[in-house]
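What follows is a short report on a single structure.
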2 protein chains.
Amino acid sequence: MIDKLIDRIQKTGAPIVVGLDPTMKFVPDHIKKTAFAEKGETLEGAAEAIWLFNKAIIDSTYDLIPAVKPQIAMYEQFGIPGLVTFKKTIDYCKEKGLVVIGDIKRGDIGSTSAAYAAGHLGKTQVGDSLCSGFDEDFVTVNPYLGSDGVQPFIDVCREEKKGIFILVKTSNPSSGEFQDRILQTGVQAGAAGNDAGGITFSDRPLYEVVGEKVAEWGEQLVGKKGYSYIGAVVGATYPEQGKILRRVMRKAFILVPGYGTQGGTGKDLVHFFDENRLGAIVNSSRGIIAAYQNEKYSKFGSLGFADAARQAVVDMITDIDQALAGTGR
Amino acid sequence: MIDKLIDRIQKTGAPIVVGLDPTMKFVPDHIKKTAFAEKGETLEGAAEAIWLFNKAIIDSTYDLIPAVKPQIAMYEQFGIPGLVTFKKTIDYCKEKGLVVIGDIKRGDIGSTSAAYAAGHLGKTQVGDSLCSGFDEDFVTVNPYLGSDGVQPFIDVCREEKKGIFILVKTSNPSSGEFQDRILQTGVQAGAAGNDAGGITFSDRPLYEVVGEKVAEWGEQLVGKKGYSYIGAVVGATYPEQGKILRRVMRKAFILVPGYGTQGGTGKDLVHFFDENRLGAIVNSSRGIIAAYQNEKYSKFGSLGFADAARQAVVDMITDIDQALAGTGR
């Protein structure tokens with residue numbers, strides 16, 4: 001699946017992913033009206049509104065982009081009906097040929113992670129049948145529980161030729177509270193050191209140690225194009241850390257959230273990429289799906305929300321292209 | 001809700017929670033047969049089997065226990081039908097007067113955590129209506145993203161008088177890989193130090209720093225019985241760490257997984273409790289719901305699985321009672 005993702009990135013020339021993270025305030029009134037008329041101001045009505053919204057955004061952008069990243073929380077907030085829309089969105093995106101990254105940030109003890117991995121990437125045994133739960137192509141994984149919480153995802157990736165992105169350095173303002181803590185010299189030191197950014201083997205922040213584990217976990221599952229099935233999440237809002245992590249995890253594809261509304265810009269992103277413009281895929285959610293609410297795209301109006309999203313995709317591709325060109329890539 | 005939980009613990013004399021973490025291999029054949037006959041060897045069939053299994057376990061144990069802890073991964077693995085059973089299980093347990101701890105281990109950037117918090121503990125706005133998604137009483141939360149990923153859960157706890165348990169030191173074998181790393185002297189040092197267990201302010205493991213944040217986050221939401229709405233998860237498999245953390249987080253109720261099948265015993269648990277036998281609630285999942293598969297309870301047979309679960313609950317209460325009595329509590 002990492003090879004398919006890279007292939008689509010090369011064909012579209014767009015190392016970007018559209019975050020399908022809808023909230024009711026992004027959904028235009030005319031869509032809410034239609035959905036509520038049919039299903040009421042209920043969880044079912046909200047789920048229907050979000051489905052109609054997603055479908056229009058997908059129809060308007062799928063030919064420009066390699067992948068989408070639905071954030072499951074935005075569906076889970078509407079309970080079962082919301083999750084039905086999450087599943088419909090996955091299936092529809094796959095029909096359109098898109099790679100689907102389920103942003104689920106799951107992670108638990110071994111046997112429980114195995115259930116998540118089966119439900120989202122693999123298959124679950126029911127009697128003599130094998131059944132698929134959600135069937136994304138990639139999911140995001142939280143590493144706080146350590147190797148035995150990550151391994152079941154890796155096992156399913158091997159079996160199903162799918163992939164994961166492990167949280168290393170997240171895009172949010174307080175991500176440093178634990179992730180940036182400097183670990184004491186020599187205490188349970190990891191396998192490989194590095195000297196990037198003036199940081200030596202003996203004093204590395206937690207995110208770097210997690211990055212080293214990502215590199216280690218990914219070593220055995222490298223695809224045909226040189227990148228591993230096991231990738232990482234590193235926020236666009238932390239370009240310096242991205243530069244270090246790009247060197248620590250040479251074979252890890254980096255999923256980069258935080259572009260646009262969260263503050264990351266094209267020039268912040270260049271160090272996440274390798275010399276062939278690969279190695280990273282940049283997510284934008286609100287900046288694309290709610291573009292029509294942005295002054296810059298106001299001419300589209302709320303009826304033109306899907307066209308505004310398309311224009312925002314085009315502009316994002318240009319922004320990243322220019323930033324990479326500026327570094328000779 | 002923390003007050004209700006404590007009240008129920010005192011009334012039942014049972015500081016325990018039954019983990020409703022069913023897998024198909026725990027479900028007796030006669031139940032699978034009934035469910036598959038009706039719905040086939042499908043996700044729907046599996047979800048029906050698990051619902052019938054859960055209902056029998058709940059009916060057989062609810063009068064002895066204060067709370068249940070369904071692990072959402074075990075339902076999510078069966079996709080939408082599995083999550084329908086998760087929701088039915090929550091609703092049924094609440095009808096029976098049980099406190100429901102959703103073991104969801106969610107955690108994300110602020111706006112996304114807000115969606116999880118609304119979906120699992122609070123309400124989501126749909127038009128002019130407020131709708132509940134899953135409506136558990138407590139959920140578990142992953143702290144890797146820091147304060148802004150936890151705060152939305154705290155906000156909803158305040159509003160809805162509900163609670164969370166934050167992962168501090170998990171029960172699994174590799175939990176130490178990141179959680180036990182010793183942080184360097186004085187780097188972004190937390191608010192409060194402590195000298196428990198010979199560890200000084202200047203060299204503390206990550207789990208202790210997370211524990212200090214739990215204490216800090218919980219300070220403003222303390223219930224009538226002296227414990228905070230904001231609790232912690234600390235594995236029974238790490239009693240020494242439990243002893244330290246009990247002192248670091250004096251007002252945090254501790255949810256203790258890892259008893260039984262994972263290796264924790266009654267005597268490992270005593271330091272998690274305060275002098276009034278409060279402050280901790282111990283989870284057992286497989287040890288109770290799959291007791292009939294254990295040699296010790298084999299006389300019940302698979303038809304008597306629910307009675308075996310009841311006997312395992314009685315035995316667990318006795319084990320913890322004796323361990324606490326042995327320390328004069």
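The values are calculated or read from the model by the stated rules, or taken from the named source; none is laboratory data. This one's a predicted model, so the numbers in the text were calculated from it and none came from an experiment. Counting neighbours? That spans all protein chains shown, and the Cβs are built from the backbone with ideal geometry, glycine included. For accessibility, only protein heavy atoms count, side chains too; no ligands or nucleic acids. Shrake-Rupley method; radii C 1.70, N 1.55, O 1.52, S 1.80 Å.
General observations
- Fraction of accessible area attributable to carbon and sulfur, the protein assembly as shown (%, probe 1.4 Å): 50
- Calculated on the alpha-carbon coordinates, the convex hull of region B:61-139 measures out at 101 cubic angstrom per residue.
- Radius, Kirkwood style, for region B:55-107 when every pair of distinct Cα atoms is counted (Å): 11.4
- Choice from A:Gly79, A:Gly19, A:Gly231 with maximal GNM fluctuation in chain A (Cα, 10 Å cutoff): A:Gly79
- Chains A and B together bury roughly 6300 Å² of accessible surface, counting both sides and using a 1.4 Å probe on protein heavy atoms.
- Compared with its chain on its own, region A:80-121 contains the following residues whose accessible area drops by 50 Å² or more in the full protein assembly (probe 1.4 Å; ligands, DNA and RNA excluded): A:Ile80, A:Lys105, A:Ile109, A:Ala115, A:Tyr116.
- Computed over the protein assembly as shown, the percent of Cα pairs more than 39 Å apart is 30.
- Comparing Cα centroids, region B:213-228 and region A:253-280 end up 40 angstrom apart.
- Convex hull volume of region B:261-329 per residue (C-alpha atoms, cubic angstrom): 81
- Taking chain B and dividing mean pair separation by its residue count, relative contact order in percent (alpha carbons under 8 Å, at least six apart): 17
- A label point on B:Ser132, set 7 Å along the Cα-to-Cβ line, lies at 3.5 nm from each of its counterparts in the other copies, closest listed first.
- Space enclosed by the convex hull of the alpha-carbon atoms of region B:4-133, per residue, Å³: 133
- Distances in nm from A:Asn294 to the matching label points in the other copies, shortest first (labels 7 Å along Cα to Cβ): 5.7
- A probe of 1.4 angstrom, applied to the heavy atoms of all protein chains, finds A:His30 with accessible area near 70 square angstrom.
- Pairs spanning more than 31 Å between alpha-carbon atoms, out of A:Lys33/B:Lys162; A:Lys39/A:Lys69; A:Lys69/B:Lys25; B:Lys55/B:Lys162: A:Lys33/B:Lys162; A:Lys69/B:Lys25.
- For chain B, the mean residue ellipticity at 222 nm estimated from helices alone is -13000 deg cm²/dmol, where every DSSP H run of n ≥ 4 contributes -39500 (n - 2.57) and the total is divided by all residues, rounded to the nearest 500.
- Note on chain A: the alpha carbon radius of gyration divided by the globular reference 2.2 N^0.38 Å gives 0.99.
- Among A:Ser285, A:Ser175, A:Ser129: highest mean-square fluctuation, GNM of chain A, C-alpha pairs under 10 Å: A:Ser129
- Between B:Gln220 and B:Leu303, full extension at 0.36 nm per residue minus the direct alpha carbon distance yields a gain of 25.0 nm.
- The mean accessible area for residues of chain B, using a 1.4 Å probe and ignoring ligands and nucleic acids, is 34 Å² per residue.
- Between helix B:206-218 and chain B: long-axis angle, C-alpha atoms, 0 to 90°, nearest 10: 90
- For B:Glu38, inter-copy label distances in nm, listed shortest first [label point 7 Å out on the Cα-Cβ vector]: 3.0
- 5 angstrom amide H check on A:Ala280, placed H, neighbours 5+ away: A:Ile254, A:Asp274
- Prolate/oblate/rounded label for region A:1-79 (Cα gyration tensor, a/c 1.5): prolate
- Karplus-derived 3J(HN,Hα), 6.51/-1.76/1.60, for each residue of region B:144-160, Hz, glycine and proline x: 4, 8, x, 3, 6, x, 9, 3, x, 5, 4, 4, 5, 4, 4, 5, 9
- For region A:263-329, a simple Cβ point-charge model (Lys and Arg +1, Asp and Glu -1, everything else neutral) yields a dipole of about 140 debye relative to the Cα centre.
- 3J(HN,Hα) from dihedral phi, region A:285-290, Karplus parametrisation 6.51/-1.76/1.60, rounded to Hz, x for glycine, proline: 10, 3, x, 9, 5, 10
- DSSP beta bridges confined to chain A are antiparallel in about 15 percent of cases.
- In plain terms, the bigger the Kirkwood radius, the slower the diffusion; for region B:95-141, with that radius from Cα pairs, at 10 °C and 1.306 mPa s, Stokes-Einstein puts D at 140 µm²/s.
- Mean-square fluctuations from a GNM of chain A, with a 10 angstrom spring cutoff on Cα atoms, peak among A:Gly119, A:Gly163, A:Gly263 at A:Gly263.
- Value of D in µm² per second that Stokes-Einstein yields for region B:196-329, Kirkwood Rh from Cα pairs, at 4 °C (1.567 mPa s): 81
- Computed from the C-beta positions of B:Lys33 and A:Asp63, the FRET efficiency with R₀ = 35 Å rounds to 0.10.
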